[in-house]
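Novice: Input: one structure, supplied below.
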Amino acid sequence: MIIMETGATQEQIDRVIAEIKKYGLRADVSKGEFRSVIGLVGDERQVDFARLATLPGVKEAIGVETPYKLISREYAKLSEEVSEHGVIKVGNIKIGGGEPIFIAGPCAVESKEQLFRIAEGIKRAGAHILRGGIFKPRSSVHSFQGLGANGREEAREALEWLCEAGRKFEMPVITEVRGETHVDLVAEYVDVIQIGARNMYDQDLLASVGKKGKPILFKRHFGAGIEEFLSFAEYIAAEGNRHIILCERGIIPVGKGKSYTRYTLDLAAIPAMQKETYLPIIADPSHGTGRRDLIFSMSCAAIAAGASGLMIEVHYNPEEAIVDAKQMITPDELKVVIDTCQRIHRQIS
Ligand code: PEP
Ligand code: MN
């Protein structure tokens, strides 16, 4: 990281950027109110930091060891501009630092009628953002893959329903991209782009969504350690996009025999990650447990652990859902979750 002097000129900043580029690296510039900080993106082994420190306008040039420096609290401390990214704005909604935000909706968009009925229900329950999967990651090729799998036009139609429902019930919308071929299409429509757990490691996908500049909901892979998760979030940040919402959605249960939960929701990861990064962190108790009877307790626990929000799968008739029926709750149940979580949040803040 290159820390510029207070009042360094644009010319001096450009000179530093040019020097960084000579090493084949990219520069991430954070312009604070008083000073600018430049983060180096790429392999720093060849960099002569001592020489960079002698350039006009440079206060200090320091090597940073962590693999996720751009999203680190350390970087945020150096530049006031970066710290603002701890709050992510989606329409009128602010995620991070304030009231918890609730993202809800069906696992998969199945029809216009199903989507609108659920959207109306979650709005009534107090949710803020509407979710609905159009490209579904599934374990079997023989399962329903989402309406997006039926072709480009069907995908577009489902995206239009999602936006229409969002407009009608005044909620921003989010859906998942499962591959690079979905990115342009999805980015045309949604307010937030979701990267699912299975794609956490796809660095090309992360770079291409990062380039879109839209807020990203980034889910932890069920086998990823915390440092690994944050290191892959850095691939999005390296494209100049720090509008990243991290999502804890459970890791693989350990031991033999029945685990009784679909995944193990790693709630300690929430405060642990908050010490490392300024990015807001939400939890997904639906995929984290796979059980509707555990959603209430784990939602309360996640908010108590400091989550900035929750993502919960909802259906007016859970048994009827084609995907993830066992973990769906009803809009009425969602309302109880939201009301209780808001009370818990008030108690702890
Ligand atoms: C989802 O949120 O629709 C989903 C598939 O979750 P995950 O990627 O966490 O499995
Ligand atoms: Mn699901």
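Novice: Taking only pairs six or more apart or across chains, which ones have beta-carbon atoms under 7 Å, a first residue in the stretch 260-277 that is modelled with pLDDT of 95 or more, and a second residue that is surrounded by fewer than 15 Cβ atoms within 10 Å (Cβ to Cβ) and among the aliphatic types (A, V, I, L, M)?
Specialist: As it stands, the answer is Tyr263/Ile252, since those pairs meet every condition given.
Novice: So which strands (runs of 3 or more DSSP E) are wholly in the stretch 26-119 and hold at least 2 residues that are over 28 Å from Gly133 (Cβ atoms)? Step through it out loud before you land on a result.
Specialist: Working: elements: 26-31, 36-41, 58-61, 88-90, 93-95, 101-105.
The qualifying strands (runs of 3 or more DSSP E) are 26-31, 36-41, 58-61.
Novice: Please determine, by comparing only the residues of the stretch 257-291 that are small (Gly, Ala, Ser) and out of contact with any strand residue (DSSP E or B) (no Cβ under 6 Å at 6 or more places or on another chain), which one is nearest to ligand 1 (Cβ to nearest atom).
Specialist: The first filter runs over the stretch 257-291 and keeps only residues small (Gly, Ala, Ser), leaving 257, 259, 268-269, 272, 283, 286, 288, 290.
Then drop every residue that is not out of contact with any strand residue (DSSP E or B) (no Cβ under 6 Å at 6 or more places or on another chain), which leaves 257, 259, 268, 272, 288, 290.
Numbers: Gly257: 23, Ser259: 16, Ala268: 18, Ala272: 19, Gly288: 8, Gly290: 10 Å.
Of everything passing the filter in the stretch 257-291, Gly288 is nearest to ligand 1 (Cβ to nearest atom).
Novice: Could you say whether any residue in the stretch 308-326 is in a helix (DSSP H, G or I), within 16 Å of ligand 2 (Cβ to nearest atom), acidic (Asp, Glu) and over 29 Å from Lys214 (Cα atoms)?
Specialist: First, the residues of the stretch 308-326 that are in a helix (DSSP H, G or I): 318-320, 325-326.
Add one more test, that the residue is within 16 Å of ligand 2 (Cβ to nearest atom), and what stays is 318-320, 325-326.
Right, trim to acidic (Asp, Glu) and you get 319-320.
Filter once more, keeping what is over 29 Å from Lys214 (Cα atoms): 319-320.
Yes, the stretch 308-326 has at least one match.
Novice: Continuing with this model, one more query. When you look at Phe296, is it in contact with a helix residue (DSSP H, G or I) (Cβ under 8 Å, 6 or more places away or on another chain), within 28 Å of Leu334 (Cβ to Cβ) and either of a type in the set (Asp, Glu) or surrounded by fewer than 19 Cβ atoms within 10 Å (Cβ to Cβ) (or both), yes or no?
Specialist: Yes, satisfied.
Novice: Now a separate question. Could you grab me the full set of residues in the stretch 263-301 that are under 21 Å from the mean Cα position of the chain (by Cα), within 16 Å of ligand 2 (Cβ to nearest atom) and not in a helix (DSSP H, G or I)?
Specialist: Scanning the stretch 263-301 gives Tyr263, Leu265, Ile282, Ala283, Asp284, Gly290.
Novice: Please verify whether the stretch 133-154 includes one or more residues that are small (Gly, Ala, Ser), in contact (Cβ under 8 Å) with a residue 60 or more places away in the chain and either more than 16 Å from ligand 2 (Cβ to nearest atom) or surrounded by fewer than 18 Cβ atoms within 10 Å (Cβ to Cβ) (or both).
Specialist: Yes, some residue in the stretch 133-154 is small (Gly, Ala, Ser), in contact (Cβ under 8 Å) with a residue 60 or more places away in the chain and either more than 16 Å from ligand 2 (Cβ to nearest atom) or surrounded by fewer than 18 Cβ atoms within 10 Å (Cβ to Cβ) (or both).
Novice: Going by the structure shown, is Arg156 over 17 Å from the mean Cα position of the chain (by Cα), away from ligand 1 (no atom under 16 Å from the Cβ) and more than 30 Å from Leu25 (Cβ to Cβ)? Step through it out loud before you land on a result.
Specialist: Details: over 17 Å from the mean Cα position of the chain (by Cα): yes; away from ligand 1 (no atom under 16 Å from the Cβ): yes; more than 30 Å from Leu25 (Cβ to Cβ): yes.
Considered against the rule, which asks whether it is over 17 Å from the mean Cα position of the chain (by Cα), away from ligand 1 (no atom under 16 Å from the Cβ) and more than 30 Å from Leu25 (Cβ to Cβ), Arg156 comes out as yes.
Novice: What about Leu294, is it within 21 Å of Glu248 (Cβ to Cβ) and out of contact with any strand residue (DSSP E or B) (no Cβ under 7 Å at 6 or more places or on another chain)? Quick ask: steps written out before the conclusion?
Specialist: Working: within 21 Å of Glu248 (Cβ to Cβ): yes; out of contact with any strand residue (DSSP E or B) (no Cβ under 7 Å at 6 or more places or on another chain): yes.
Here the answer is yes, as Leu294 does meet what is asked.
Novice: I need the full set of residues from the stretch 327-349 which are more than 16 Å from ligand 2 (Cβ to nearest atom) and hydrophobic (A, V, I, L, M, F, W, C), in order please.
Specialist: Across the stretch 327-349, the qualifying residues are Val336, Val337, Ile338, Cys341, Ile344, Ile348.
Novice: Looking for whichever is in contact with a Gly (Cβ under 7 Å, 6 or more places away or on another chain), among the small types (Gly, Ala, Ser) and modelled with pLDDT under 95 here; the options are Gly105, Gly86, Gly98. Which one fits?
Specialist: On the way: Gly105 fails: modelled with pLDDT under 95; Gly98 fails: in contact with a Gly (Cβ under 7 Å, 6 or more places away or on another chain).
Only one candidate qualifies: Gly86.
Novice: For Ala304, state whether it is more than 16 Å from ligand 1 (Cβ to nearest atom) and either modelled with pLDDT of 95 or more or under 26 Å from Ser139 (Cβ atoms) (or both). I'd like the intermediate steps shown before the answer.
Specialist: Values: more than 16 Å from ligand 1 (Cβ to nearest atom): yes; either modelled with pLDDT of 95 or more or under 26 Å from Ser139 (Cβ atoms) (or both): yes.
The answer is yes for Ala304.
The values are calculated or read from the model by the stated rules, or taken from the named source; none is laboratory data. Given the structure is predicted, the values throughout are model-derived calculations rather than measurements. All Cβ positions, glycine included, derive from the backbone under ideal geometry; neighbour counts span all protein chains shown.
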